[in-house]
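J.: First, the structure itself, so that you have it in front of you.
The values are calculated or read from the model by the stated rules, or taken from the named source; none is laboratory data. Keep in mind that this is a model prediction, so the values were computed, not measured. No Cβ is skipped: glycine too gets one built from the backbone with ideal geometry, and neighbour counts run over all protein chains shown. The area values use the complete protein model at the heavy-atom level, side chains included, leaving out ligands, DNA and RNA. Shrake-Rupley method; radii C 1.70, N 1.55, O 1.52, S 1.80 Å.
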Amino acid sequence: MFKQISECRICGSKNLSIYLDLGSMPLANALLRPETKEKPEHFFPLETMFCNDCSLSQLSVVVDPNILFSGYAYRSSISKTFRQHCRDMGVEIKKRLGGKNGLLALDIASNDGCLLKEFRSEGFKVVGVEPATNLAAIARADAITTFDSFWSAKTAENIVKELGKVDVITATNVLAHVDDVNAFVSALDIVLNENGLVVIEVPTVANIVEKNQFDTIYHEHLSYFLLKPLMTLFERNGFNVIDIQQFEIHGGSMRIFAAKKSSSLKKNEITINQYIEMEELKQLYSLQTYLKLARNVEKIKKELLSILTEINEGGKHVAAYGASAKGNTLLNYCGIGTNLISFIIDDTPEKQNCLAPGNHIPILPYVHLEEKKPQYLVLLAWNFARELISKTSVHRNRGGKYIIPIPEVKIVSSENEL
Ligand code: JHZ
């Protein structure tokens with residue numbers, strides 16, 4: 001069901017050092033459904049390693065992707081913030097490609113079609129690739145052509161055969177999920193037009209170390225990126241990284257733009273060099289920087305456990321919002337179960353009435369927040385804290401508070417205190 005990694009997935013180096021061990025964990029999205037909740041859960045080691053040669057952070061194991069992604073409960077379009085991010089991306093990319101209508105956009109791991117819908121509104125023709133059959137079906141119901149498969153050279157060839165080459169390829173929050181990243185990038189070459197653009201978005205490991213975002217470490221995320229190893233990856237496979245942007249989404253992400261080496265698209269040397277200098281300055285190419293994460297993670301665990309225990313002992317009631325994958329790393333690492341958090345609210349229909357993996361906290365629809373009136377809500381999707389606080393006026397107006405676990409445990413009463 002899983003394999004051990006002994007070589008860096010970008011550069012092949014064996015010079016890898018473990019810097020954080022989160023113990024044995026269930027899969028972050030392996031929710032227990034009412035009909036399967038008696039089945040035994042599987043636990044896998046969760047450790048991060050640093051490549052002392054190319055600086056890529058990566059897990060020490062790879063769980064079979066068929067187990068992780070064939071049916072997938074995460075729907076990109078649940079968050080208004082993410083939908084807006086996709087809308088802005090459509091506008092930005094159209095501008096970069098000269099503002100023409102009718103260009104063909106391919107989205108890899110297109111989920112429920114969240115991003116492609118926005119591209120379509122901008123006048124693109126669109127096609128998605130999505131291995132989770134449940135999500136591909138949602139996109140197709142919205143008339144988005146979707147290939148039901150993992151990204152590979154074969155999928156790329158099928159697209160060329162059926163639709164021809166594409167003008168832009170987007171892949172948001174997927175590269176971190178891929179084991180053979182070299183095969184992933186080299187397959188882009190098959191389907192992209194000569195002057196086409198590749199746009200990749202990934203959360204950055206800089207935020208994990210600086211903002212203690214250890215909860216974004218889970219078995220789906222095999223790699224944790226910096227710009228430098230990404231440049232190595234693209235250059236090894238016929239591409240140049242030509243620009244980079246930074247966004248707050250998902251706790252801090254980078255968007256890189258890549259083009260074929262033969263392309264006439266211009267490289268934004270200044271921005272790229274400045275970004276690399278920033279990574280150097282923050283010592284992100286040094287193992288020592290990553291080793292301090294373990295101490296901070298332990299501190300968050302202690303503080304969160306102590307706050308939750310105190311509140312519960314005081315007779316108050318705690319629930320959570322957002323049955324996020326990262327929430328499950330946080331809860332399971334800290335050893336938090338129904339004794340401390342009685343339920344988790346989530347608006348994703350596929351997650352409701354399931355139990356969260358490992359901790360078995362029930363996941364319930366919004367209406368339970370109104371019925372059960374907890375005094376505290378732990379924001380497990382702290383990356384959407386503003387959106388979640390803003391939509392829970394019912395909780396706020398009766399004096400309910402929010403516990404934000406990351407980057408430090410903090411209790412707030414409103415968005416203004418974030
Ligand atoms: P959210 C996901 O991780 C999955 P997760 C994935 N592995 C990835 O790479 C990262 O994103 C980047 C719910 N919610 O987005 C929806 C509401 O119910 O922080 C989600 O279950 N109502 C592909 O799972 C969860 O919270 C709302 O209004 O850690 C958010 O999960 C909002 C805003 C969210 O990512």
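J.: So, in segment 232-245, how many residues would count as being open to solvent by 10 Å² or more (accessible area, probe 1.4 Å) and either in contact (Cβ under 8 Å) with a residue 40 or more places away in the chain or charged (D, E, K, R) (or both)?
T.: Adding up the residues that qualify gives 6.
J.: Out of SER264, SER223, SER253, which single residue is hydroxyl-bearing (Ser, Thr, Tyr) and either over 30 Å from ASP21 (Cα atoms) or open to solvent by 40 Å² or more (accessible area, probe 1.4 Å) (or both)?
T.: Testing whether each residue is hydroxyl-bearing (Ser, Thr, Tyr) and either over 30 Å from ASP21 (Cα atoms) or open to solvent by 40 Å² or more (accessible area, probe 1.4 Å) (or both) leaves just SER264.
J.: Go through segment 161-270 and tell me which helices (runs of 4 or more DSSP H), entirely inside it, have 3 or more residues that are at pLDDT 95 or above, out of contact with any strand residue (DSSP E or B) (no Cβ under 7 Å at 6 or more places or on another chain) and of a type in the set (A, V, I, L, M).
T.: Result: 181-191.
J.: Would you check which residues across segment 34-80 are polar (S, T, N, Q) and not in a strand (DSSP E or B) and list them?
T.: THR36, ASN52, SER55, SER60, ASN66, SER70, SER76, SER77, SER79
J.: Select, from ALA319, ALA294, the only residue that is at pLDDT below 95 and of a type in the set (A, V, I, L, M, F, W, C).
T.: After ruling out the rest, the residue left standing is ALA294.
J.: What pairs come up if the first residue lies in segment 137-158 and is part of a loop (DSSP other than H, G, I, E, B), the second is open to solvent by less than 40 Å² (accessible area, probe 1.4 Å) and among the β-branched types (Val, Ile, Thr), and their beta carbons are under 7 Å apart, counting only those six or more places apart or on different chains?
T.: Qualifying pairs under 7 Å: ILE144/VAL126; THR145/VAL127; SER149/VAL129; SER149/THR155; TRP151/ILE108; TRP151/VAL129.
J.: Can you run down the residue pairs with Cβ atoms below 8 Å, 6 or more apart or on separate chains, where the first is in segment 313-328 and free of Cβ contacts under 8 Å to residues at least 60 places away in the same chain and the partner is within 16 Å of the ligand (Cβ to nearest atom) and aromatic (Phe, Trp, Tyr)?
T.: ALA319/PHE343
J.: Need the failing condition index for LYS326 against (1) basic (Lys, Arg); (2) away from the ligand (no atom under 11 Å from the Cβ); (3) surrounded by 24 or more Cβ atoms within 10 Å (Cβ to Cβ), just the number.
T.: (2)
J.: Now for a different question. Out of (1) near the ligand (Cβ under 10 Å from one of its atoms); (2) assigned to a helix (DSSP H, G or I), what's the single condition that is false for LEU305?
T.: The single condition LEU305 does not satisfy is (1).
J.: Please count how many residues of segment 100-144 are among the small types (Gly, Ala, Ser) and open to solvent by less than 10 Å² (accessible area, probe 1.4 Å).
T.: The qualifying residues number 7.
J.: Here is a further query. Taking the criterion of being more than 16 Å from the ligand (Cβ to nearest atom) and under 30 Å from GLN352 (Cα atoms), would at least one residue in segment 285-299 satisfy it?
T.: Looking for residues that are more than 16 Å from the ligand (Cβ to nearest atom) and under 30 Å from GLN352 (Cα atoms), one finds at least one in segment 285-299, hence yes.
J.: If you don't mind, there's one more thing I want to ask. If you scan segment 375-406, which residues turn out to be within 20 Å of THR81 (Cβ to Cβ) and either polar (S, T, N, Q) or open to solvent by 60 Å² or more (accessible area, probe 1.4 Å) (or both)?
T.: Answer for segment 375-406, where residues must be within 20 Å of THR81 (Cβ to Cβ) and either polar (S, T, N, Q) or open to solvent by 60 Å² or more (accessible area, probe 1.4 Å) (or both): ASN383, ARG386, SER390, LYS391, THR392, SER393, ARG396.
J.: Could you list all residues from segment 73-108 that are within 16 Å of the ligand (Cβ to nearest atom) and closer than 24 Å to LEU265 by Cβ?
T.: HIS85, CYS86, ARG87, MET89, ASP107, ILE108
J.: I've got another one for you. Any idea which residue in segment 329-345 is farthest from the ligand (Cβ to nearest atom), counting only those that are surrounded by fewer than 23 Cβ atoms within 10 Å (Cβ to Cβ) and of a type in the set (S, T, N, Q)?
T.: So the residue we want is ASN339.
J.: Here is a list of conditions, (1) within 16 Å of the ligand (Cβ to nearest atom); (2) free of Cβ contacts under 8 Å to residues at least 60 places away in the same chain; (3) of a type in the set (Gly, Ala, Ser), and ALA183 meets all of them except one; can you say which number that is?
T.: (1)
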